[in-house]
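The values are calculated or read from the model by the stated rules, or taken from the named source; none is laboratory data. From a predicted model like this one, the values you see are computed outputs, not experimental measurements. No Cβ is skipped: glycine too gets one built from the backbone with ideal geometry, and neighbour counts run over all protein chains shown.
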Amino acid sequence: MKSIKEKAENIQLGYDDIQAPAIGRGFVLGANYVLDEIEKLLPKDGKPLNDTGKVLLWRIKDTIEQLKGGLSK
């Protein structure tokens, strides 16, 4: 799975040198904003969930972290 940063670098390839950094930063900021909003909707702990729900919650949170992978906001 590619991180948001890696995907932004791929998107930048189609733009000239002046536009590319701004487009890449905009993509990263927008994508991270969406992931942050999704994280707010997830339960903070798995207490109300059964074991399957807890595993699903862990996988969602892990995937979000992988997608953000190595980015500074």
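Here are a few things to note about the model shown:
- Of the criteria (1) surrounded by fewer than 15 Cβ atoms within 10 Å (Cβ to Cβ); (2) at pLDDT below 75; (3) not β-branched (Val, Ile, Thr), which one Gln12 fails: (1)
- Residue pairs meeting the criteria (Cβ under 6 Å; at least 6 apart or on separate chains; first touching a residue at least 24 places away in the same chain (Cβ under 8 Å) and surrounded by 16 or more Cβ atoms within 10 Å (Cβ to Cβ), in segment 16-41; second among the polar types (S, T, N, Q) and not in a helix (DSSP H, G or I)): none
- Considering residues of segment 37-73 that are assigned to a loop (DSSP other than H, G, I, E, B) and within 10 Å of the chain's Cα centre (by Cα) only, the residue modelled with the lowest pLDDT: Leu71
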